[in-house]
1. Which pairs do you get when a residue that is farther than 21 Å from Ile120 by Cβ, found in segment 167-191, comes within reach of a residue that is surrounded by 13 or more Cβ atoms within 10 Å (Cβ to Cβ) and of a type in the set (Lys, Arg), reach meaning Cβ atoms under 9 angstrom, with the pair 6+ apart or on two chains?
2. Give segment 104-120 a look and list any residue that's within 9 Å of the ligand (Cβ to nearest atom) and of a type in the set (Asp, Glu), or say none.
3. Tally time: how many residues in segment 61-79 are more than 13 Å from Pro41 (Cα to Cα), within 12 Å of the ligand (Cβ to nearest atom) and under 17 Å from the mean Cα position of the chain (by Cα)?
4. Given the conditions (1) among the β-branched types (Val, Ile, Thr); (2) within 22 Å of Ser190 (Cβ to Cβ); (3) at pLDDT 95 or above, report the number of the one that Thr126 does not fulfil.
5. Of the residues that make up segment 14-30, is at least one buried (at least 22 other Cβ atoms within 10 Å of the Cβ), touching a Leu at 6+ places or on another chain (Cβ under 6 Å) and acidic (Asp, Glu)?
6. Using the structure shown, decide if Val52 is more than 8 Å from the ligand (Cβ to nearest atom) and free of Cβ contacts under 8 Å to residues at least 40 places away in the same chain.
7. Out of all the residues in segment 79-93, which are surrounded by 13 or more Cβ atoms within 10 Å (Cβ to Cβ) and either within 16 Å of Ile28 (Cβ to Cβ) or touching a residue at least 40 places away in the same chain (Cβ under 8 Å) (or both)?
8. Out of segment 83-103, which residues are farther than 12 Å from Tyr53 by Cα and within 12 Å of the ligand (Cβ to nearest atom)?
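The values are calculated or read from the model by the stated rules, or taken from the named source; none is laboratory data. What you see is a predicted model; the values in this text were computed from it and never measured. Reconstructed Cβ throughout: ideal geometry from the backbone, glycine too, with neighbour counts over all protein chains shown.
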Amino acid sequence: MEIAVKEWLNEEGEIFLENIGIKKGDVILDFGCGDGPYTIPAAKVVRKEGKVYAIDKDIESMHKLMEIAKTKGLKNIIPIHTKSEESKINLDSESIDAVLLYDVLHYMENLERKKIYEEIYRILKTGGILSVYPKHRKSDEPLWSLSDMELDDVIEEISSRHFYLQRKFYKKLLHNGNYNTGYILNFRKSVLNK
Ligand SMILES: C[S@@+](CC[C@H](N)C(=O)[O-])C[C@H]1O[C@@H](n2cnc3c(N)ncnc32)[C@H](O)[C@@H]1O
């Protein structure tokens, strides 16, 4: 395992997640978890009082994640393998304290992103956190669906789906097994007037 990944999984990732607002006892969803660079630290931060649902469409990454979880003795990660065309998240409404959407938005076309924001809105508790790492934007190694969007476009898109931006961080983080710096956007679920 690379040095950066080791450091991240041992300590740095936990500090990062605590800074963005994850705490003991929380129920987290890591959507597009990959092999778990954020799932593993999240499971440590929430401790046995909390849990982390880890969703991905790539079964091999999920196997890898669960192997790492096993070696670290973590029993509070619940893997959910999904199909990419599924826009429904198989979790109860208002059951989640925070959703991590890290380095995954660029995989989704406009309509798919909208459906995912709707589902995230449904499963988040009132006041819950939607934390987004929108990598691969126009001015940040552009790739696929975000390649024509700037950071402000991402903020506007998510804000238009009943979230408000609470905080924007510029942080050292792990990306593809290496340290990088990037923007993390923390949104909160708005209360809709009925
Ligand atoms: C670049 S990786 C990021 C992994 C991790 N979140 C991180 O920040 O290191 C993106 C992951 O999202 C998954 N993914 C992309 N679209 C998805 C979808 N619609 N449903 C579930 N997983 C998806 C991919 O399979 C991949 O494992």
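1. Pairs that qualify, where the first residue is farther than 21 Å from Ile120 by Cβ and the partner is surrounded by 13 or more Cβ atoms within 10 Å (Cβ to Cβ) and of a type in the set (Lys, Arg), are His175/Lys135; Asn180/Lys135; Thr181/Lys171.
2. Result: Glu112, single match.
3. Matching residues across segment 61-79 total 3.
4. Going through (1) among the β-branched types (Val, Ile, Thr); (2) within 22 Å of Ser190 (Cβ to Cβ); (3) at pLDDT 95 or above one by one, Thr126 breaks only (3).
5. Within segment 14-30 (the criterion being buried (at least 22 other Cβ atoms within 10 Å of the Cβ), touching a Leu at 6+ places or on another chain (Cβ under 6 Å) and acidic (Asp, Glu)), the answer is yes, since at least one residue qualifies.
6. So Val52 passes the test.
7. Listed by number, the residues that qualify are Pro79, Ile80, Ile89, Leu91.
8. The answer is Lys83, Ser84, Glu85, Glu86, Ser87, Lys88, Leu101, Tyr102, Asp103.
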